[in-house]
Ligand SMILES: Cc1cc2nc3c(=O)[nH]c(=O)nc-3n(C[C@H](O)[C@H](O)[C@H](O)COP(=O)(O)OP(=O)(O)OC[C@H]3O[C@@H](n4cnc5c(N)ncnc54)[C@H](O)[C@@H]3O)c2cc1C
Ligand code: SF4
Ligand code: SF4
Ligand code: FES
């Protein structure tokens, strides 16, 4: 056991807020050791220096999801982050703490999560087993590998960090957001659930509204990979009876990518665009690319990959 | 004063409160659930290792519920009410399978059935688990299920402050909307207190920050007794120095405790059960090793799981691995985890029978850690508490439904009483200057840890009592700096402190009163268990600044007290 302790004087710069006074920054000096979590630092500030500071925290072990905030600009759980680690990472003993982005501020580090909860409820976050099972007449079994797959996505602690970081949530009111998708997929993929059709209706259209930016993947403190849940949900599009235009476009996009790979072994963005969005849509996008100076990427002449037959084999095997 | 009316108000949205709510709402009554935090932030989420259950056809073939009851009774050093232990054991399989049907992702055996592991004090392995985040998995399931009923009103981020009663029955509660400090009188025919534990009373605790014992104090102030308040459980393996729990599951899976010399010291204290002896025994063993100079500098010992192998550790003990890594910088696949005891659970609680009913106040019920049905007696076995929250949460819900069926409307008006209670909240912090809650709180936590902890004696307990009395005096000068009405957490911290001081007085007094050692209550000056004089429940009432103690017999069914050796 090599428990190396060390101490450090740090300054926590906290962005505070009250409806009466608006925003202001306040600094607190304190001594921390190797093991001091941000929740403990905040608790000490509140009980030793400034009782008016408001924040949420409960479990201090990264399972309750209360303490999401931004530390040196990173969306994090305060309890899962050690003060010294952040000081070292940024090479400075002055550390900023701010409320999570996107949500409405309530007081200091506390934000309003009501809308987040509404999104979670939208995906019907509960199992709907067969009536026989519910009444206890038959036992349902679950393969260990299914349990493992589902458990990964079931571990969402409703902290909201991913939503605070997700660009699509901000742009698109129809998008359910990463956490709700993780939750939704956990039940969509559960072989014991009976409302798959309804779940597909709720989830698939929204799944195509994600931009695959991977922010949710990066910030999730429980390594849920909401974007993976979204990808897996998109794969259900094939099974859906009714498809919204977004889902249809999405499917076309995937098909285009597939064909591009099949022909050349590469992703030819220009071609993919054309067949996904049709000529008109592509021209609009092209103008945008032109304006933002990105057009050279779209027009790069792709050379065919050498072992194309191998790739074709893999692709056709995958898609049976 | 704003008013709302419900058939039932439930304080607490942990497993016990939600289970009771589910039962009552399913029977068609209207229910309000009040919680300081969003339900899934309740402390139940932090439970790690698992939930005990004897499941017919899916347990060791030699096991049976009677053995489970027996283990519980022996583990609790015979202070357990045996009818309660039997009910717990006999309903365990059914309740776990109910949660399975509701969708809890229990770990599985290769054939798809629910898997099982060993926990301390079990004759046969009975603990069912979801990795080592069992509490979280169960809590999310029950919350998702209960909120899906659509008929339970959740008031989360509401602070329950006082019970409102008349001569002999409960009439509701006073609670504040934490977002804007508006007090509301929740009128109710029945009230269930499921407000969880009280770890914040102690300097070192594995509990959530929100566990401040509010429910116990509310009950005490409403002239309701606590049962066995001197029994506080300390968990032997809290991570040093952050006090994050390293689940007993680690030892259940084969981890071993070692002192600074590398010795497996439990051989000296529990030659048969070794590291899987009950918690009180292991806690004392660790502190004895430390006291006698065989601990690591700083006062801890090592928990060795290196021999279990990386894959196994990362799958079955993910949280222990992760906690050691993130909070102590230790790689548990290669090094021992530094651990020491910390406050963990409260065996004492609001006095109730096996239906959750309180005898002092008609219409008052309690469940979960807030209650003392007395299934844990003097020392709780690991993984029995999650089980208790669900089994007795449901039993209580059912008893409430029965109670409501024969309910008659009272004629007296009670609004004046309710007004007074709102004033009492402001009274706690009515000074214009003086001390803040933090100054008193930190002294209280040290006092409780130093003198009302793992080892106790008369002098220490007396010191604690006089310090607590002083702190209660200081509290009169407490004031709140934050004048805003929006999410004023300082105000609620001050109210919590008042609750903690009420409870502390009762714990320390009862501990001084019990002149024997039993389970987690260990008196250096009375090191033996004394069945002759002390095989009885403490029943404690708070009367202003003093505590009145009476006794109740322990309910015995099949098992006679025997020496507790492991
Ligand atoms: C780290 C840890 C690990 C554990 N692991 C296990 C385990 O593996 N197996 C096991 O069996 N047991 C375990 N336990 C014990 C078990 O988790 C708890 O005893 C149990 O979860 C308590 O549940 P509860 O429903 O009684 O209360 P809680 O889950 O604590 O819920 C209390 C509720 O009351 C509310 N509340 C409190 N005060 C107020 C107020 N004034 N106003 C409004 N609302 C209020 C809270 O907001 C919360 O919703 C563990 C405990 C800890 C500390
Ligand atoms: S990958 Fe999708 S869900 Fe995740 S943050 Fe980006 S847009 Fe949002
Ligand atoms: S998916 Fe991850 S980041 Fe998003 S709410 Fe759940 S736990 Fe938090
Ligand atoms: S306090 Fe629970 S997740 Fe941080």
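The values are calculated or read from the model by the stated rules, or taken from the named source; none is laboratory data. Since the structure is predicted, the reported quantities are computational estimates derived from the model, not experimental observations. Glycine gets a Cβ as well: all are built from the backbone with ideal geometry, and neighbour counts include every protein chain shown.
Structural remarks
- Test for residue A:101: is it over 20 Å from residue B:36 (Cβ atoms), surrounded by fewer than 17 Cβ atoms within 10 Å (Cβ to Cβ) and away from chain B (no Cβ under 14 Å): yes
- Residues of the range A:119-156 satisfying the condition of being within 16 Å of ligand 4 (Cβ to nearest atom) and in contact with a helix residue (DSSP H, G or I) (Cβ under 7 Å, 6 or more places away or on another chain): A:156
- Residue within the range B:454-463 that is surrounded by 22 or more Cβ atoms within 10 Å (Cβ to Cβ) and within 13 Å of another protein chain (Cβ to nearest Cβ) present: no
- Any hit, the range A:6-14, residues being in a strand (DSSP E or B), within 14 Å of chain B (Cβ to nearest Cβ) and at pLDDT below 95: yes
- Test for residue B:144: is it at pLDDT 95 or above and within 16 Å of ligand 3 (Cβ to nearest atom): yes
- Some residue of the range A:60-80 being under 20 Å from the mean Cα position of the chain (by Cα), farther than 17 Å from residue B:489 by Cα and more than 16 Å from ligand 3 (Cβ to nearest atom): yes
- Scanning the range B:292-305 for residues that are surrounded by 15 or more Cβ atoms within 10 Å (Cβ to Cβ) and more than 12 Å from every other protein chain (Cβ to nearest Cβ) gives B:294, B:305.
- Options B:404, B:390, B:381, B:361: the member that is at pLDDT 95 or above, away from ligand 4 (no atom under 16 Å from the Cβ) and under 20 Å from the mean Cα position of the chain (by Cα): B:390
Residue by residue, here is whether (1) closer than 22 Å to residue B:320 by Cα; (2) within 14 Å of chain A (Cβ to nearest Cβ) holds:
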residue	(1), (2)
B:66	no, no
B:82	no, no
B:90	no, no
B:104	yes, yes
B:108	yes, yes
B:122	yes, no
B:125	yes, no
B:134	yes, yes
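- Among all residues of the range B:252-272, there is none that is within 14 Å of chain A (Cβ to nearest Cβ), under 26 Å from residue B:105 (Cα atoms), touching a residue at least 24 places away in the same chain (Cβ under 8 Å) and part of a strand (DSSP E or B).
- From A:170, A:183, residue being within 16 Å of ligand 3 (Cβ to nearest atom), in contact with a helix residue (DSSP H, G or I) (Cβ under 8 Å, 6 or more places away or on another chain) and assigned by the TED database to the domain that holds residue A:128: A:183
- Only residues that are touching a helix residue (DSSP H, G or I) at 6+ places or on another chain (Cβ under 7 Å) and over 21 Å from residue A:247 (Cβ atoms) were counted across the range A:194-227, and they come to 8.
- If the condition is being surrounded by fewer than 23 Cβ atoms within 10 Å (Cβ to Cβ) and within 16 Å of ligand 3 (Cβ to nearest atom), then the range A:189-210 contributes only A:189.
- Which listed residue is within 16 Å of ligand 3 (Cβ to nearest atom) and at pLDDT 95 or above, from B:31, B:11, B:4, B:37: B:37
- The set of residues in the range B:465-488 that are in contact (Cβ under 8 Å) with a residue 12 or more places away in the chain and either assigned to a loop (DSSP other than H, G, I, E, B) or touching a strand residue (DSSP E or B) at 6+ places or on another chain (Cβ under 9 Å) (or both) comprises B:474, B:475, B:476, B:477, B:478, B:479, B:480, B:481, B:485, B:486, B:487, B:488.
- Qualifying residue in the range A:133-151 (condition: touching a residue at least 12 places away in the same chain (Cβ under 8 Å), under 30 Å from residue A:103 (Cα atoms) and either more than 14 Å from ligand 3 (Cβ to nearest atom) or buried (at least 23 other Cβ atoms within 10 Å of the Cβ) (or both)): yes
- Subset of the range A:112-154 (residues that are under 15 Å from residue A:194 (Cα atoms), within 7 Å of another protein chain (Cβ to nearest Cβ) and outside any loop (DSSP other than H, G, I, E, B)): A:133, A:134
- Positions within the range B:306-357 being modelled with pLDDT of 90 or more, more than 12 Å from chain A (Cβ to nearest Cβ), in a loop (DSSP other than H, G, I, E, B) and within 18 Å of residue B:132 (Cα to Cα), in sequence order: B:309, B:333
- Members of the range A:205-255 found to be assigned to a loop (DSSP other than H, G, I, E, B) and within 16 Å of ligand 4 (Cβ to nearest atom), listed by number: A:220, A:221, A:222, A:223, A:224
So that you can scan it fast, the table gives a plain yes or no per residue for (1) more than 7 Å from chain B (Cβ to nearest Cβ); (2) closer than 30 Å to residue B:137 by Cβ; (3) touching a strand residue (DSSP E or B) at 6+ places or on another chain (Cβ under 7 Å):
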| position | (1), (2), (3) |
| --- | --- |
| A:47 | no, no, no |
| A:58 | no, yes, no |
| A:65 | no, yes, no |
| A:71 | yes, yes, yes |
| A:77 | yes, yes, yes |
| A:83 | yes, no, yes |
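- So residue A:54, is it modelled with pLDDT under 95, surrounded by 17 or more Cβ atoms within 10 Å (Cβ to Cβ) and assigned to a loop (DSSP other than H, G, I, E, B): no
- Unmet criterion (only one of (1) buried (at least 21 other Cβ atoms within 10 Å of the Cβ); (2) touching a residue at least 12 places away in the same chain (Cβ under 8 Å); (3) not in a strand (DSSP E or B)) for residue A:46: (2)
- Selection of the range A:171-196 for residues being more than 18 Å from residue B:145 (Cα to Cα), more than 8 Å from ligand 2 (Cβ to nearest atom), assigned to a helix (DSSP H, G or I) and modelled with pLDDT of 95 or more yields only A:179.
- Residue in the range B:161-171 that is within 13 Å of chain A (Cβ to nearest Cβ) and either more than 16 Å from ligand 3 (Cβ to nearest atom) or modelled with pLDDT of 95 or more (or both) present: no
Residues checked against (1) touching a residue at least 60 places away in the same chain (Cβ under 8 Å); (2) exposed (fewer than 14 other Cβ atoms within 10 Å of the Cβ); (3) in contact with a helix residue (DSSP H, G or I) (Cβ under 6 Å, 6 or more places away or on another chain):
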site: B:412; (1), (2), (3): yes, yes, no
site: B:416; (1), (2), (3): no, yes, no
site: B:421; (1), (2), (3): yes, no, no
site: B:432; (1), (2), (3): no, yes, no
site: B:445; (1), (2), (3): yes, no, no
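- Entry remark, the range B:110-120: residues being at the interface with chain A (Cβ under 7 Å from one of its Cβ atoms) and within 20 Å of residue B:311 (Cα to Cα) number 1 in total.
- Verdict on residue B:222 being within 14 Å of chain A (Cβ to nearest Cβ), out of contact with any helix residue (DSSP H, G or I) (no Cβ under 8 Å at 6 or more places or on another chain) and either buried (at least 24 other Cβ atoms within 10 Å of the Cβ) or within 22 Å of residue B:373 (Cβ to Cβ) (or both): no
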